[in-house]
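Structure in structure tokens, see below.
Any read-out appearing in this document is the output of simple, stated calculations on the displayed coordinates, not a laboratory observation. Only a predicted model underlies this, so the values are computations on that prediction, with no experimental measurement involved. Quick reminder, even Gly has a Cβ in these numbers, built from the backbone with ideal geometry, and neighbours come from all protein chains shown.
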Amino acid sequence: MSDDVKIEGSLREKLVRVKEMWARDARLITGHVADPARDRLPPGQTLVSDLPVLDLGIQPEVPLSAASLTLDGLVEEPATLDWAALQALPQEERVNDIHCVTQWSRYDCRWEGVPVPALLALARPKPEARFVVLHAHDGYTTNLPLSDLDRPENLVAFLYDGRPLPRRHGGPLRLVVPHLYFWKSPKWLKRIQFLAEDKPGFWEVRGYHMRGDPWREERYG
Ligand SMILES: Nc1nc2c(c(=O)[nH]1)N[C@H]1C(S)=C(S)[C@@H](COP(=O)(O)O)O[C@H]1N2
Ligand SMILES: [Mo]
């Protein structure tokens, strides 16, 4: 599959175009100030009680037999871990607040999976690796600085709220990077590609921010 999502159907095209327009007009930027040391809700966010479902309208079915995670590009030990290999790694629980750029936040989301630093220890990024592109089974991509990926709270998650991650939320495996807007957390993750230079992903090409820190309201580029 190509790097970009093949957009079929006028509805999806329209949805993407609306968000592109929002990015161009810097919609949803409130300019409010919030301080993570004092506040729990980042600027311009509204608290919700359930975890909404957001994607491009394609929710790929990934059977466990096809679930795997490839680590490649600028790493010493490129690897593809299949489901059994992933399950054999030590798993941990994380509880965190999630912030979506479309302005909802949900507190205390409980995930279980493999902490990202353990995966990085296996693949061993080369010194020149500074960024990653994350690839998902629906064709979605997003980019991160390696320093934002390599954090102990980040998980390759298999469970949500004590149950296998439902397909609509990216099951069987997704990334969770809670300190950035949720578009940086790909559902149905299949590949982490290590690069020397930053490379925009699906939404970043369409005007979203290259980093996406909710405390700085880095919604658009
Ligand atoms: N593969 C994939 N991952 C994705 C997306 C997507 O369209 N495809 N959307 C992102 C966006 S914009 C958000 S807000 C969250 C939503 O995750 P949820 O549906 O589990 O709440 O997934 C992110 N990860
Ligand atoms: Mo989002």
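Report, in debye and to the nearest 20, how large the dipole of the chain comes out about its Cα centre when Lys and Arg carry +1 and Asp and Glu carry -1 on their Cβ. Intermediate results must be reported in sequence, preceding the final value.
Numbers: 29 positive and 32 negative charges, 101 e Å.
Roughly 480 debye for the chain.
Related question: Taking 22 Å as R0, compute the FRET efficiency from the Cβ-Cβ separation of Asp198 and Leu56 and round it to 0.05. Don't skip to the answer; put the middle values down first.
Details: r = 22 Å, r/R0 = 1.01.
Given R0 = 22 Å and the Cβ-Cβ separation, E is 0.50.
While we're looking at this one, here's another question. What does the charge dipole of segment 101-180 about its Cα centre add up to, to the nearest 20 debye, if the Cβ of each Lys and Arg holds +1 and the Cβ of each Asp and Glu holds -1? Show your work: numbers first, answer last.
Details: 10 positive and 8 negative charges, 31 e Å.
My answer is approximately 140 debye.
What is segment 42-196's relative contact order, in percent, from Cα pairs under 8 angstrom and six or more apart in sequence?
About 29 percent, as a whole number.
Modelling each spin label as a point 7 Å along the Cα-to-Cβ direction, I'd like the Leu122/Met21 distance in nm, to one decimal.
4.4 nm
Next up: Using mean Cβ contacts within 10 Å as the protection proxy, how do 135-144, 50-59 order, highest first?
Working: 135-144: 22.5, 50-59: 14.3.
Result, highest mean first: 135-144, 50-59.
Shifting gears a bit: Mind listing the phi-derived Karplus ³J(HN,Hα) values for segment 69-74, rounded to whole Hz, using 6.51, -1.76 and 1.60 with θ = phi - 60°, and x for any glycine or proline?
Coupling constants for segment 69-74: 10, 9, 10, 8, x, 7 Hz.
Okay, moving on. Using each residue's phi in segment 152-166, evaluate 6.51 cos²θ - 1.76 cosθ + 1.60 at θ = phi - 60° and report the 3J(HN,Hα) Karplus result to the nearest Hz, with x for Gly and Pro.
Karplus values, whole Hz, x for Gly and Pro: x, 7, 6, 10, 8, 9, 10, 10, 10, 6, x, 10, x, 3, x.
Right, next: How large is the direction-averaged shadow of the alpha-carbon convex hull of segment 79-193, in nm²? Provide the component values of the computation, followed by the final result.
Details: hull surface 27.1 nm².
Result: a mean projected hull area of 6.8 nm².
Rounded to the nearest 500 deg cm²/dmol, what is the calculated helix-only ellipticity per residue at 222 nm for the chain, with -39500 (n - 2.57) per DSSP H run of length n ≥ 4? Each step should come with its number before you reach the end.
Values: 5 runs with 36 residues, N = 221.
Calculated from helices alone, the mean residue ellipticity at 222 nm is -4000 deg cm²/dmol.
So, one more: Could you quote the convex hull projected area for the chain, Cα atoms only and averaged over all directions, in nm²?
Computing the convex hull of the Cα atoms and averaging its projections yields 11.8 nm².
Between Val33 and Asp82, what FRET efficiency comes out of the Förster formula 1/(1 + (r/R0)^6) with R0 = 35 Å and r the beta carbon distance, rounded to 0.05?
On the way: r = 46 Å, r/R0 = 1.32.
According to the calculation, E is roughly 0.15.
Straight distance only, please: which aspartates and glutamates reach the Cα of Lys199 with their own Cα at less than 13 Å, same-chain residues fewer than 8 apart left out?
The qualifying aspartates and glutamates are Asp3, Asp4.
Between segment 129-193 and segment 83-98, what's the alpha-carbon centroid distance in Å?
12 Å
If you don't mind, there's one more thing I want to ask. Using per-residue counts of other Cβ atoms within 10 Å, averaged over each peptide, order 79-90, 162-173 from highest down.
On the way: 79-90: 14.1, 162-173: 17.6.
Averaged packing, sorted descending, gives the order 162-173, 79-90.
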